[in-house]
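Heads up: the structure comes next, in structure tokens.
The values are calculated or read from the model by the stated rules, or taken from the named source; none is laboratory data. Note that the structure is a prediction, hence the values are computed from the model and not measured. Cβ coordinates were reconstructed from backbone atoms using ideal geometry, including for glycine residues, and neighbour counts include every protein chain displayed. Remember, those area values only see protein heavy atoms, side chains included, never the ligands or the DNA or RNA. Shrake-Rupley method; radii C 1.70, N 1.55, O 1.52, S 1.80 Å.
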Amino acid sequence: MTPENSRKGLLERLEGRFRAEFGGAAPRCFFAPGRINLLGAHLDYSGGDVLPMAIDRGIYAAARARSDGRLRLVSLDQELVVEVHEDDVGLHTRPEWGWAGYPLGVWQGLRHRYGIRGGFELVVGGDMAMASGLSSSAAIEVATAVALDAVYGLGLSRQDIAVISHAAETGFVGVRCGIMDQFASALAQPGKVLLLHCAGPSYEHVPFDGEACDVLVLDTKKPRELAKSGFNQRVAECASAREILCTHVRDLPHLALFTPEDLLRAEAVLSDVLFRRARHVVTEMVRVKTGVAALREHDYRKLGQQLTASHLSGATDYEVTCDELDEIAEAAISHESVFGVRFTGAGFGGCAIALHRPGAAPEVEKVVTERFEARFGVTPGFDLLRIGMGPGEVER
Ligand code: GLA
């Protein structure tokens, strides 16, 4: 099935469900992309530079404003249907709202900032694996924000949309994530990756040549059990490492702004764990810089080397990989067509991404499948991605 066909089928299902649930005229439909992160692993919450790429998969949302204060949320992929009055939505989500906490958080943020009232109805559906490191939650938030912006005629900028979406996740849902995922989805431009300086934040777009290099997702099928607890622990460890560096070396607002030399000066006062966490952060900053230079030089092998080095640092110093991710990365890199490979998203399971010579996917998949099956008895999933477009209304 081509992406176009799957998109068409998905939109038909979305509209069909919308009409069945809510009746009336055809809804307006919107899209927001998921993302992979080429480089800058776990740097966003340490004020570092990250290099995400929006993908041609994401979340579609059919939406319509209401006037009776009801919020009605339906997903094609989840059984839970949520209906709540706007006056009953407070500052935080509730367990019984499940997945709907993300769009409700966006609604709450827009109501707070722009005073929107009246409610809305929404059906969402996606063409990407949920909860595997491709950031479906940011895509749901951004798709909802783009939809509500349009149906309420708010005229928000893409950066406003990113900020509202990020606040929904951190403030309303309560996940302590950095800004990368929502910015990657909201600010995406076709044919370009986003170089986001999280300390600003400020950003620029860097061309990515989809003809020079294929992007393959390798799904370990391993659930990301530690994703939440491990993630929050890393956030806390980075904050501790920064405090120690500020006391003993110099005062800087973000851990990622320290240099590898600063870190060496603090080696004696940092515990082994904090030293390694900080070493990942400061060396990953260098890898982002080298990777961006490689992109600008059109050197995709050199870019790939930075990805593989990032995976190794994530495995040893930052400890956010697992046996399945390490095995799948080693298997992929053993193939000569592969430029580089690393885990994507927070790690702890889920997916890795490989950059490889165009057209080599079938051979790479074969090598990886044989090795992975032999060790884990599980067949990994694969998905060849294309660089995505930005969020917006979808024409049908
Ligand atoms: C998750 C978070 C992001 C980022 C990545 C790691 O995806 O949501 O903010 O921290 O992990 O790079």
### Query
Given the rule -39500 (n - 2.57) for each run of at least 4 DSSP H residues, summed and divided by the residues of the chain, what is its mean residue ellipticity at 222 nm, to the nearest 500 deg cm²/dmol?
-13500 deg cm²/dmol
### Message
Can you tell me the orientation of helix 323-333 relative to the chain, as the angle in degrees between its alpha-carbon axis and the longest Cα principal axis, to the nearest 10?
### Response
70
### Query
Heavy-atom accessible area per residue, the chain, 1.4 Å probe: how many Å²?
40
### Query
How long is the range 1-57 along each principal axis, judged by its Cα atoms, biggest number first, in Å?
47, 27, 13
### Message
I'd like the carbon and sulfur percentage of the solvent accessible area for the chain, probe radius 1.4 Å, heavy atoms only, ligands and nucleic acids excluded.
### Response
51
### Message
Using only the alpha-carbon atoms, how far is helix 3-22 inclined from the longest principal axis of the chain? Give it as 0 to 90 degrees, nearest 10.
### Response
40
### Query
Cross-link partners among lysines for LYS8, C-alpha distance below 26 Å, same-chain residues fewer than 8 apart left out?
LYS192
#### Entry: the range 214-385 - charge dipole about Cα centre, Lys and Arg +1 at Cβ, Asp and Glu -1, debye rounded to 20
380
### Message
Suppose every Lys and Arg Cβ carries +1 and every Asp and Glu Cβ carries -1, with no other charges. What dipole size does the range 202-287 come out with about its Cα centre, to the nearest 20 debye?
### Response
440
### Query
What list of whole percents do you get for P(r) of the chain, with Cα-Cα distances grouped in 20 Å bins up to the one holding the largest distance?
29, 56, 15, 0
### Task
Note the angle between two axes, namely the Cα long axis of helix 300-316 and the longest principal axis of the Cα atoms of the chain, as a number of degrees from 0 to 90, rounded to the nearest 10.
90
## Note on the structure
Here the FRET efficiency for GLU211 versus VAL235, based on Cβ atoms and R0 = 35 Å and rounded to 0.05, is 0.40
### Message
What does the charge count around LEU91 come to, taking other residues whose C-beta lies under 15 Å from its C-beta (Lys +1, Arg +1, Asp -1, Glu -1)?
### Response
-1
## Note on the structure
Farthest towards the positive end of the dipole of the chain, among LEU385, SER165, GLY178 and with Cβ unit charges of +1 on Lys and Arg and -1 on Asp and Glu, lies the Cα of SER165
### Message
Tell me the accessible surface of ARG396 in square angstrom (1.4 angstrom probe, heavy atoms of protein chains only), to the nearest ten.
### Response
150
### Query
Over the Cα atoms of the range 77-197, what is the Rg over Rh ratio if Rh follows Kirkwood?
0.94
### Message
What's the magnitude of the charge dipole for the chain around its Cα centre, counting Lys and Arg as +1 and Asp and Glu as -1 at the beta-carbon? Answer in Debye, nearest 20.
### Response
600
### Task
Set the Förster distance to 51 Å, then compute FRET efficiency between GLU373 and ASP87 from the Cβ-Cβ distance, nearest 0.05.
0.45
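Just the C-alpha atoms of the range 205-341: what Rg/Rh do they give, with Rh taken as the Kirkwood radius? Each step should come with its number before you reach the end.
Values: Rg = 16.7 Å, Rh = 16.5 Å.
Using Cα coordinates only, the ratio equals 1.01.
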